[in-house]
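First up is the structure itself, then whatever we jot down about it.
The values are calculated or read from the model by the stated rules, or taken from the named source; none is laboratory data. This one's a predicted model, so the numbers in the text were calculated from it and none came from an experiment. Quick reminder, even Gly has a Cβ in these numbers, built from the backbone with ideal geometry, and neighbours come from all protein chains shown. We work out accessible area using only protein heavy atoms, side chains counted, and drop any ligands, DNA or RNA first. Shrake-Rupley method; radii C 1.70, N 1.55, O 1.52, S 1.80 Å.
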Amino acid sequence: MNTYERILPDPSGLKKEILAKYPAKLAKKREKQLLIVDHDQVQQIQANVRTVPGIISQRGCTYAGCKGVVLGPSRDILNLVHGPIGCSFYAWLTRRNQTQPETPDSPNFMMYSLSTDMQDSNIVFGGEPKLKEAIREAMKVFNPKAIGIFSTCPVGLIGDDVHAVARDMKAELGINVFGFSCEGYKGVSQSAGHHIANNGLFKHVIGLDENGGAKGKFKINMLGEYNIGGDAFEIERILEKVGITLVASFSGNSTLKQFETAHTADLNIVMCHRSINYMAEMMEKKFGIPWIKVNFIGAEASAKALRKIGEYFEDVDLKKRIEEVIAEELPFVDVAIKKVLPRTKGKLAMLFVGGSRAHHYQELFNELGMQTVSAGYEFGHRDDYEGRKVIPTISVDADSRNIEELHVEADETRYKPRRTEAQLEDFKKRVDEVEDYIGMMPDMKKNSLMIDDVNHWETEKLIEFYKPDIFCAGIKEKYVVQKLGIPLKQLHSYDYGGPYAGFKGAINFYEDISMMVGATVWKYIQAPWETHKQLEANFVIDIV
Ligand code: CFM
C-alpha cells in the first residue's frame, strides 16, 4: 500500500487533445485503447490489434518475441537465424540476458549471432540449400545437442520450408533440430512470437528426457523470467535458500536439459503471464502440473510469491523456512527504503513496457512511495489489463488465427495430477491467482490513464500533462523523453544495471531510482525544438 498517494486530476481533456490530432477513423479506433481508469464502471480496453502504419509505435516484431525473448536466453540450444543479416544484428548482444554455464567448458552460444545471411539470389532461387549448409557448418564448429531455426520475413514470403529442413537435418545429424515460423509479420507484435516459441518448445523439446531432472522435495519450474540484468540469479538464490528446487527456467539462465525434464516439476510459477501462459496451460493439460501467478519484482511481492509456493506444498518445514528467509532479507530492504524515501516519496512515475513489466514494476514504485499515473503495454492482450476472466470474451481476429493453437491432451503414461481437486480448491481459498491473473487494471488508481501501444505523439502529451518524475520504457523512447527533461529508466535492459528482482534487486532499484529522480541535470536541458522553430504538418486526407 502506498501511503503517499495523491488524488489524480481527471485526464479527459488530455485524452480529447490527443485524439483530436488523429484522422476521424483512427481517432475512433484509438479511443478504445486509451482508458481513464474508473473502478465504479466495468471497463474494457482494446489491445493486441494492428498498429496503424505511420504511427511511431514502441512495438517489435514476431521474430523478436520468438528468437529474442523466449529462445534467446537458452544457452545451449544453438539459435540459427534464417534470413538477411540485418535481422541478426538484433540478435547479437542487443539484449541483456545473462547466463551462467555450469563449468567454463559447458556450451554457451549466447554470445554468437548465427545467421544464414540470405542474399538476393537465395530470395529468388530459395534459401533451403543455404540453410542446410549453415546447419552442417554449425554442427561442425559448435557440436550442439540442439539447433533452433528462426524464420525472418523473407523466409515466409518466398516459402522456404524450415520445418522440412529441420526434419532432414535431424535425421542426417542425429541431434534435435526444430524450426520456428516466426516471420516478423506473422502477428501484430512480439506477442505472436511468444506463442510460436511456446508451441515449438512444447512440441519438440518438453518432456524428452525421462530420468534426468533435478532432484528435490519441492520441485518447480519458473516460467516467464528471462534473466535480464541477472534477475533470475537473484530469484534462484532465494529459492535455493528456502530449499525449493528449480527444475527448469523458461528461459533465463536455462539449458536444453532443463526444458527436456520440465515435466517432472510439481508446480509452475508464472512471472510474465503474457509471454508464457500458453506453456503453463499446455503443461497442465499434458502432465497435470498446476500453475500459479507470481511476481518477484518488489520486496513485498517476492515475500508474497514465496508464501504462495509454501501454501501450495502445504509443508510445515518449508513454510517455516520461507518465513525465516523473509525475516532475514527484509531488514536490509527496510534500511534501503528509509534511506531513499525522503527523495522518492510523492513522486510520479509512468511505465510503458512490453507485456508485464508496466504492471509488475508498479509494486517497486509503491514501495518507494511513488505513484504510477499512466501505464500501458506495448503488446499485452486484454487479459493482461483486465484479467484472465475476460479471455472467453476476446474476439479472435485473423491475426490471432494466424498462429497455431496446439491441441493438447493428457499424456497417456505421464499425466499425474499433483494435487487432488479438493486440495486445489482449498489452495484457491487461501491464495489468489491460482491458474489466474488479475491483470494491471485493478492496481491502477482512479483517473490514471491506461494506454495500449502508446506512441511518440501521445508520450509527449502525457509528459506535458502529468510532468512525471520518471518515465520507464526502452531505448527507442529514451532520448526523446530525456530531451523533454524527464529521466528515463529502461526497463527492458535496465540501462545495464540490475538485477531488480527479489530482495537484493529491490534494493538496487531503490538506489537507482532515487539517484535518477534526485538528479537536477534534467531540468537544465533545452531541447532543440525549444530554441529552433519546428516544422508542423497535418494529414490532408483521412488515411484510414
Ligand atoms: Fe514478458 Fe519480458 Fe515483458 Fe516480454 Fe519484451 Fe523483456 Fe518486456 Mo522487453 S517477455 S512481456 S517481450 S517480461 S523483451 S523480458 S522487457 S518488452 S515487459
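Observations
- Unit charges on C-beta of K, R, D, E only; dipole of the chain, Debye: 880
- Long pairs among Lys186/Lys461; Lys304/Lys504; Lys15/Lys445; Lys219/Lys286; Lys467/Lys489; Lys145/Lys203, criterion Cα-Cα beyond 21 Å: Lys186/Lys461
- Looking at the range 13-105, the GluC sites (Glu not before Pro) that sit in a DSSP loop and have at most 16 other Cβ atoms within 10 Å of their own Cβ are Glu102.
- In terms of the mean number of neighbouring beta-carbon atoms within 10 Å, the peptides 84-91, 231-238, 508-515 order highest first as 231-238, 508-515, 84-91.
- Positive-end residue of Pro442, Val454, Ala336, charge dipole of the range 329-475 with Cβ unit charges: Ala336
- Ligands, DNA and RNA left out, the accessible area of the chain computed with a 1.4 Å probe is 55% carbon and sulfur.
- CD proxy at 222 nm, helix term only [per DSSP H run n ≥ 4: -39500 (n - 2.57); per residue of the chain; nearest 500]: -12500 deg cm²/dmol
- Trypsin sites (Lys or Arg not before Pro) restricted to the range 1-92 and DSSP loop, no more than 15 other C-beta within 10 Å: Arg6, Lys21, Lys32, Arg50
- Counting only lysines at least 8 places from Lys217 when in the same chain, those with an alpha carbon closer than 17 Å to its own are Lys241, Lys308, Lys319, Lys320, Lys416.
- Straight-distance candidates among the aspartates and glutamates for linking to Lys429, with alpha-carbon spacing under 13 Å and chain neighbours fewer than 8 residues away dropped: Glu311, Glu421.
- DSSP-assigned coil residues among trypsin sites (Lys or Arg not before Pro) in the range 387-472, each with at most 14 further Cβ atoms within 10 Å: Arg414, Lys446
- Rg and Dmax, both from the Cα atoms of the chain and both in Å, are 23.5, 72.
- Relative packing of peptides 190-199, 449-458, 403-412 - highest average C-beta neighbours within 10 Å first: 190-199, 449-458, 403-412
- Protection-proxy order for peptides 307-316, 252-261, each taking the mean of Cβ atoms within 10 Å per residue, highest first: 252-261, 307-316
- Rolling a 1.4 Å probe over the protein heavy atoms gives the chain an accessible area of 44 Å² per residue.
- Computed with a 1.4 Å probe over protein heavy atoms only, the accessible area of Thr413 comes to about 120 Å².
- Within the same chain, aspartates and glutamates fewer than 8 places from Lys16 are excluded, and of the rest, those with a Cα less than 19 Å from its Cα are Glu31, Asp38, Asp452, Asp453, Glu458, Glu460, Glu464, Asp542.
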